[in-house]
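Read-outs: derived from the displayed coordinates by stated rules, not from any lab. Just so you know, these numbers come straight off a predicted model, no measurement behind them. Backbone-built Cβ (ideal geometry, glycine too); neighbour counts: all protein chains shown.
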Amino acid sequence: MASLISCPHCGARPKEEFTIKGAVLSRPAADAGHQAWTDYVYLRDNPRGTHREYWHHTSGCRRWLVVTRDTVSHEVGFCQDAAAAKLAEVRP
Amino acid sequence: MTSYRLATGGLVNRAAPLAFSFDGKPMAGLEGDTLASALLANGQMLVGRSFKYHRPRGILTAGASEPNALVTIGRRERTEPNTRATVQELYEGLEARSQNRWPSLDFDVGALNGLLSPFLGAGFYYKTFMWPAPLWEKLYEPFIRRAAGLGKATHEADPDSYEKSWAHCDLLVVGAGPAGLAAALTAGRAGARVILVDEGSMPGGSLLFDTAMIDGMTASDFAREASAELQSMPNVRLMTRTTAFGWYDGNVFGAVERVQKHACDPASHLPVERLWRIVAKQALLATGAEERPLVFGGNDRPGVMMASAMRAYLNRYGVAPGKATAIFTCNDSGYRLARDLEAAGIEVTAIVDSRPTAPPGYRGRPRVIANAVVCQTKGNKSVSAIEVLHDGRSETIAVDALAMAGGFSPIIHLACHRGSRPFWSEENAAFLAPQDLKDLRIAGAAAATVGIAACIQEGSAQAAAILSELGISCRPAALPNVEAEEESRPAKPLWSIPGIKGKAFVDFQNDVHLKDIGLAVREGYGHVELAKRYTTSGMATDQGKLSNVNAIGLLAEARGVSPAEIGTTTFRPFYTPVSFGALTGAHSGYHFQPVRKSPLHDWAAKNGAIFVETGLWYRSAWFPRGGEKTWRESVDREVVNVRQNVGLCDVSTLGKIEIFGADAAEFLNRVYCNAFLKLPVGKARYGLMLREDGFIYDDGTTSRLGEGHFFMTTTTAYAAGVMNHLEFCAQALWPELDVRLASATDQWAQMAIAGPKARLVLEKIVDDDISSAAFPFLAAKEVSLCGGKLHARFFRISFSGELAYELAVPAGYAESIADILMNAGAEHGLQPYGTEALGVLRIEKGHVTHSEINGTVIPDDLGFGKMVSATKADFIGKVMLEREGLKAADRLRLVGVRPLDPTASFKTGSHILEKNAAATLENDQGYVTSSAFSPHIGCTIGLALVKRGPERLGEEVVVWNGLKSEYAPAILCDPIFVDPTNERLHV
């Protein structure tokens, strides 16, 4: 029915503007091996509690976001631009 | 005797009579009436038949919880079944009809079900009608469904409009009774943004029928003054006729505003209902409490009513329940009704009080029978007497109305919508809302607070606490002076009543009676969730608003535990039924989804196009000409004309994406499986995009218009998906790449000009040299048109296999350029062609679309194996493409197929079998992905995915259509039926 996502670019917006891709996973290197790639493409956790997902602000700024939400309470926590998240992960 | 309108009193407008009808009988009501109060004023106590036993039923409540008085109102396309007469405002000309009776309400054949009742107890359909089994579906179930039921919806389309809206506030107050009004006033005066919603037609809640005096005013005048002050505040929005039906994540509340449900002829410029999503920083529930029925024999007979409802009809609507009323109570609240009835001059025959003694302070005239219970009512279609048990004997008392006061249950539904459970309070004899809810508080009777003064005080105090949390300062307001009878604390609830005779109903709407609850416990369905499903108590349109707490109390007694141990069933939205119209909003009919039209739509329309819906797009499918009787004639002509002369096709619906940046080439190199890094400026290339699992995702041509500027085209269907995918790759996977993306699908109109004479036509309007030497196959560049009047993008690419170009012009110039081309091409036989001809041309040339790229194919399956780069370090899909199964020898691979008999044909989706093989799953060799009649070949041709296909060219097979049991002998062939050496492309 309703829910609001705090887009770091657009502010609080209704969830209908967003498209969810799924868990935030790190894309393996091309030589990471078959197991790593099978995990990346097919295997997903179904966590109880905190979950980090890629959300696309499809009907807004069209940025991909990393949204942290709680699968039990539905609380939406930290929302970060996916590019910023990836670059922060690479730099340190 | 029956109910009637008193000569004076109430908030109804006696100067404004309203005519209405019930079951065709003309009646008169007053402005301010509900349908229920008007029916009672007309002495109509029988208003419906019950769900299962077809028992006569009357009006039980004066509000949203009504289980009995469900009627169908309106006529033809505005027919609305299951309308609660207790909340439907009366309007001039309202037509109401009773439900679930045949042939008439007074004489209902279905009432015979009452005789069958020993067979119709809880879970009866699991136990009876079991044999013979086939009869269940054919006879028993249809019969039971017909006999049991509510109103019938109309099949006609809804003529009215609906809309949806968002609202934002600091404080949402739900319920405009004493607590809600006080809270809204406190917050409004402090300057907070307040929304106050109330389901009623006027604010006030219980104040509208209470006899208390507040600051020297009647309670209803106080409510009117308070709402007038709220309405004068610019920071307060007071919404009546608005039910908050659900509490959702993020403190968002769903509410439905009945804008014109009280109007005979709704104004067409307004919606009849408006669905609100209200985002509240904080919310306060001041939703009041629901009075509980008492469970005794015949407690469903018309004339039996909730005590508080009787007060509402008496004080707000000026309607008397009868001439001789009895009150059955287990607490002090029944005495308030007695006092009001006495004041109105209506005889109170007896007050039957289950407690050992009457309240010590009671000085009224009516006879009080303490330590007594009503064990049954008597009467035909309305109550005529009650049987009272006291002092070990039974006494029959003649009455024409009976009020029941079983205590109050706070209305806490919204507080429980987000997963928290209510808890049982022994002290308050009620389930209370879960505590410590985030951003939601409860005040007034909803928090089990008793008395108007205390509710006002609490509403104001809760609002002040909320304001301080929001950082808004507020001065403590002086509380009004309330003169009202002192209210006592709730008494011990009375669940089971001794000496009951006849059916004692727990859930009126579902005809669940006391014995059903006992049966559920005995048969092992004593858990509250199981008992609900086994007995159906608490289901249907009222969701057990009256019955649930009684059912829990009775379950607790039967199991010998406290109601705390039983707990409640899960509260879910919606609080009251919400129409599909309101949920749909404006998205119906023409507005169900947007229509996308190509910039060349009008051009196509004036050239006679027949359009076809593809997703949201309307694409020109073919262009019939005089004398052509079938679509095939038109399509064949268009195809032949492209092969012999030249055709023009609108391909604007293809997805178009501008890609800029220093790393744009590297980016494309990673998203396509073939190489793009070294694509020269001024060249187009066919690109194949894989999914990460190695299967093909989409295809299209991408042209390099500058060192750091590419122009990508996608298929029509996947335009949005590819854009999302590229954005994901650029932002989430490789943010270090310097690349920027912009969708340009709607900005460019694109035309394919195909056929051996294409260049002759284009030379007339393109200023640049487009000779084959200057502009060879796969050239791409910006050109000038019509003597420099317009710049366009020009590509030498071909989907048809002919000499062909695509010309992209800014969308606004689409029609004029197409007109110019049509004029220029007239002498060369230029004709428009549509998507049907486009399809035939590409099948003849063996080009694939999403019919072939169906999620199961990898590049090699389509003969694109050599395109996949072996040297690139990485690209989307590279690793998974190496899986063993994707290299299997017997994969389905692309071939052509044609019938042995040129007059035979086959359909797309047909399966391929070996010659003489039976049509079994094991023998399946593959299937036809695309098929068309080819004017060029002179027969039906097809593309097919067949096991080891390319190795089997020349093999005779059978094309089998299992839907029609058709077998067509055919031969597998090269998928390229036209110009396999590509000579035509290069002329």
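Remark: relative contact order (the stretch B:444-603) = 14 percent; criterion is Cα-Cα distance under 8 angstrom and separation of 6 or more residues. Listed by chain and number, the aspartates and glutamates whose alpha-carbon sits under 15 Å from that of B:K25, ignoring those within fewer than 8 places in the same chain, are B:E92, B:E95, B:D106. When DSSP beta bridges are restricted to pairs lying wholly in chain B, around 75% turn out antiparallel. Shape verdict for chain B, please, from the Cα gyration tensor: rounded (a/c under 1.5), prolate (a/b greater than b/c) or oblate. Prolate, since a/c reaches 1.5 and a/b exceeds b/c. Given the C-alpha centroids of the stretch B:94-124 and the stretch B:622-693, what is the distance between them in whole angstrom? When both Cα centres are located, 66 Å separates them.
For the segment B:246-254, counting C-beta atoms of other chains within 10 Å of every residue's C-beta and taking the mean gives 5.
Which distance in Å, rounded to a whole number, links the C-alpha centroids of the stretch B:1-75 and the stretch B:711-789? Between the Cα centres of the stretch B:1-75 and the stretch B:711-789 lies a distance of 70 Å.
Is the stretch B:645-713 best put as rounded, prolate or oblate by its Cα gyration tensor, with a ≥ b ≥ c the root eigenvalues, rounded for a/c under 1.5, and otherwise prolate when a/b is larger than b/c, oblate when not? Oblate is the answer for the stretch B:645-713, as a/c is 1.5 or above yet b/c matches or exceeds a/b.
Taking the DSSP bridge list for the protein assembly as shown and keeping only pairs wholly inside it, about 75 percent are antiparallel.
Given R₀ = 51 Å, what would the calculated FRET efficiency be for B:R625 paired with B:E156, taking r from the Cβ atoms and rounding to 0.05? Efficiency for this residue pair is about 0.80. Annotation: the residues B:R224, B:R101, B:R475, sorted from fewest to most other C-beta atoms within 10 Å of their own C-beta, follow the order B:R475, B:R224, B:R101. When +1 charges are put on Lys and Arg Cβ atoms and -1 charges on Asp and Glu Cβ atoms, the dipole computed for chain A relative to its Cα centre reaches about 160 debye.
In this structure, the amide hydrogen of B:L705, modeled 1.01 Å from its nitrogen in the peptide plane, lies closer than 5 angstrom to those of B:G682, B:F710, B:F711, counting only residues at least 5 positions away or on a different chain.
Here B:K866 is the anchor, and the lysines within straight C-alpha reach of less than 30 Å, apart from those fewer than 8 places off in the same chain, are B:K656, B:K678, B:K683, B:K781, B:K845, B:K878, B:K887, B:K947. Length gained on full extension, B:S771 to B:S232: 186.3 nm, using 0.36 nm per residue less the C-alpha separation. Label-to-label distance, B:T357 versus B:D436, with points set 7 angstrom from Cα along the beta-carbon direction: 4.3 nm. Look at the alpha carbon pairs under 8 Å that are at least 6 residues apart: their mean separation over the length of chain B gives a relative contact order of 9 percent. Summarising the label geometry, the points placed 7 Å from Cα in the beta-carbon direction at B:I937 and B:A370 lie 10.1 nm from one another.
Under the simplified labelling scheme, the B:N854-B:A662 pair shows an inter-label distance of 4.7 nm, with each label point 7 Å from Cα along Cα→Cβ.
When each of B:H262, A:H51 is scored by the number of other beta-carbon atoms lying within 10 Å, the sequence from fewest to most is B:H262, A:H51. If the chain linking B:A742 and B:D974 were pulled fully straight, counting 0.36 nm for each residue of separation and taking away their Cα-Cα distance, it would gain 79.6 nm. Using a 7 Å offset from Cα along Cα-Cβ at B:K127, what residues in the stretch B:477-512 end up with backbone N under 19 Å from the label point? So the set is B:502-507, B:510-512.
Counting only lysines at least 8 places from B:K503 when in the same chain, those with an alpha carbon closer than 30 Å to its own are B:K52, B:K127, B:K152, B:K323, B:K378, B:K381, B:K492, B:K515, B:K532, B:K545. Under 5 Å from the amide H of B:S425 lie the amide H atoms of B:A430, B:F431, B:L432, each residue being 5 or more positions distant or on a separate chain, with H modelled from the backbone and absent for Pro and chain starts.
Taking the 0 to 90 degree range and rounding to the nearest ten, how far is the long axis of helix B:814-825 tilted relative to the main principal axis of chain B, both from C-alpha atoms? Between helix and principal axis, roughly 30 degrees. Axis of helix B:835-845 versus longest Cα principal axis of chain B: the two differ by about 50°, to the nearest ten degrees. Hey, with R₀ at 51 Å, roughly what FRET efficiency would B:V612 and B:L112 work out to, going by the Cβ-Cβ distance, to 0.05? The computed FRET efficiency comes out at 0.35.
Taking a ≥ b ≥ c as the square roots of the eigenvalues of the Cα gyration tensor of the stretch B:802-889, is the shape rounded (a/c under 1.5), prolate (a/b larger than b/c) or oblate? It comes out prolate by the Cα gyration axes.
Which value results for Rg/Rh of the stretch B:258-410 when Rg is the Cα radius of gyration and Rh the Kirkwood radius based on the inverse mean 1/r? Reported Rg/Rh (Cα atoms, Kirkwood Rh): 1.12.
Using the Cβ-Cβ distance between B:D221 and B:K138 with R0 set to 60 Å, the FRET efficiency works out to roughly 0.45. The spacing between the stretch B:448-467 and the stretch B:225-269, judged by their C-alpha centroids, is 22 Å.
With neighbours defined as other Cβ atoms within 10 Å of a residue's Cβ, the residues B:W631, B:W247 order from fewest to most as B:W631, B:W247. With Rh defined as the Kirkwood radius, the inverse of the mean 1/r over Cα pairs, the Rg/Rh of the stretch A:1-77 is 1.04.
Using θ = phi - 60° in the Karplus curve 6.51 cos²θ - 1.76 cosθ + 1.60, the 3J(HN,Hα) couplings for the stretch B:39-52 round to 4, 4, 4, 8, x, 8, 8, 8, 10, x, 10, 6, 4, 10 Hz; x is entered for Gly and Pro.
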